[in-house]
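Accompanying notes for the structure given below.
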Amino acid sequence: LQNDSWGKQYSHALFKAMSHMLCIGYGQQAPEGMTDVWLTMLSMIVGATCYAMFIGHATALIQSLDSSRRQYQEKYKQVEQYMSFHKLPGDTRQRIHEYYEHRYQGKMFDEENILGELSEPLKEEIINFNCRNLVANMPLFANADPNFVTAMLTKLRFEVFQPGDFIIREGTVGKKMYFIQHGVVSVLTKGNKETKLSDGSYFGEICLLTRGRRTASVRADTYCRLYSLAVDNFNEVLEEYPMMRRAFETVAMDRLDRIGEE
């Protein structure tokens with residue numbers, strides 16, 4: 001190479017260096033003498049270390065690009081192992097799989113922890129944005145005091161139900177009411193009559209107001225994305241807004257009258 005062009009000289013030098021650094025050989029010529037042997041081994045050791053570091057950083061970078069999906073996959077692997085360990089039947093496994101797909105949609109976040117670290121104004125802004133469709137579709141919220149809407153939304157908990165699931169069973173003690181973000185449910189009364197409720201409706205408030213037992217059953221007809229409100233939070237919010245309690249009571253009395261007629 002002594003009389004070749006600089007391009008050929010550097011190309012051969014780069015080839016020999018990469019052969020050492022990638023630990024795939026020692027180039028075109030074997031090392032001659034102990035000095036060459038030790039320099040070649042040192043070069044290969046340094047190259048192997050750099051190669052391992054490169055692979056590790058590249059792997060970490062790829063995983064960090066979609067950490068929420070990776071967290072979901074790791075979680076679902078645990079669920080699969082749990083189902084396998086308990087030997088759950090195939091149809092139950094399929095329903096659990098479909099639930100996870102609809103509930104998390106391939107991504108998982110520690111939302112409670114994320115919101116808990118934010119200031120109250122930021123938290124309220126995010127919750128109002130996330131629930132904007134619910135507020136837009138629900139006449140109760142559309143005409144209400146914005147402070148009431150914010151206070152109510154901060155207490156809600158997101159839930160998903162599958163077709164055929166009984167969200168509420170008649171005769172049980174009511175601990176929650178529900179707001180429908182998306183989906184269709186059937187309210188089943190003693191007379192076996194069904195009343196359909198869809199986006200923008202709410203149900204389950206009767207027993208929270210009367211402190212009694214459920215007066216009807218509610219079954220999900222489609223995949224339902226709901227927000228639930230616990231009884232303690234329900235009473236806490238309505239104590240601050242007595243006018244809204246009257247609005248809930250009006251709807252509850254109307255539904256009780258219809259159930260009584262049936």
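The values are calculated or read from the model by the stated rules, or taken from the named source; none is laboratory data. Quantities reported herein were computed from a predicted structural model and do not represent experimental measurements. All Cβ positions, glycine included, derive from the backbone under ideal geometry; neighbour counts span all protein chains shown. Quick note on the areas: whole protein, heavy atoms, side chains included, nothing else; ligands and nucleic acids left out. Shrake-Rupley method; radii C 1.70, N 1.55, O 1.52, S 1.80 Å.
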Return the whole-Å distance between the Cα centroid of the stretch 83-124 and the Cα centroid of the stretch 181-233.
23 Å
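Which loop-located GluC sites (Glu not before Pro) does the stretch 105-171 contain, where loop means any DSSP state but H, G, I, E or B and the Cβ has at most 13 other Cβ atoms within 10 Å? Walk me through the numbers before you get to the answer.
Values: sites: Glu111, Glu112, Glu117, Glu124, Glu125, Glu159, Glu170; in loops: Glu117, Glu170.
Answer in residue order: Glu117.
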How about Lys107: which lysines have a C-alpha closer than 16 Å to its C-alpha, ignoring those fewer than 8 places off in the same chain?
Lys75, Lys77
Calculate what fraction, in whole %, of the accessible area of the chain sits on carbon and sulfur atoms when a 1.4 Å probe is rolled over the protein chains.
55 percent
How large is ³J(HN,Hα) for each residue in the stretch 92-100, as worked out from phi by the Karplus curve 6.51 cos²θ - 1.76 cosθ + 1.60 (θ = phi - 60°), to whole Hz, x for Gly and Pro?
5, 4, 5, 5, 5, 4, 5, 4, 4
Residue-ordered couplings for the stretch 207-221, obtained by feeding phi - 60° into the Karplus form 6.51 cos²θ - 1.76 cosθ + 1.60 and rounding to whole Hz (Gly and Pro as x), are 6, 5, 7, 8, 6, x, 9, 4, 9, 7, 9, 10, 10, 6, 8
Tell me, in nm to one decimal, what length is gained between Met21 and Met83 on full extension, where the rule is 0.36 nm per residue of separation less the Cα-Cα distance?
17.6 nm
For Asp199, enumerate residues with amide H under 5 Å from its amide H, sequence gap 5+ or separate chain, H modeled in the peptide plane.
Gly183
At what distance in nm do the modelled label points of Ser64 and Thr210 sit from each other, each positioned 7 Å from its Cα along Cα→Cβ?
5.8 nm
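May I ask you to order 245-253, 177-185, 191-199, 85-93 by the average number of other C-beta atoms within 10 Å around their residues, highest value first?
Most protected by this proxy first, the peptides run 177-185, 245-253, 191-199, 85-93.
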Mind giving me the FRET efficiency for Asp232 and Lys123? R0 is 25 Å, r the Cβ-Cβ distance, nearest 0.05 is fine.
0.80
Cross-link partners of Lys16 among lysines (Cα-Cα below 26 Å; sequence separation of 8 or more within a chain):
Lys8
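Averaged over all directions, how much area does the convex hull of the C-alpha atoms of the stretch 6-65 cover when projected, in nm²?
Numbers: hull surface 20.7 nm².
For the stretch 6-65, averaging the hull's shadow over all directions gives 5.2 nm².
Just from its helices, what would the mean residue ellipticity at 222 nm be for the chain, if runs of 4 or more DSSP H residues each count -39500 (n - 2.57) and the sum is divided by every residue, rounded to the nearest 500 deg cm²/dmol?
Working: 12 runs with 154 residues, N = 262.
Mean residue ellipticity at 222 nm (helix-derived): -18500 deg cm²/dmol.
The stretch 113-262: percent of C-alpha pairs farther apart than 25 Å? Each step should come with its number before you reach the end.
Working: 3020 of 11175 pairs.
Cα-Cα pairs in the stretch 113-262 separated by more than 25 Å: 27 percent.
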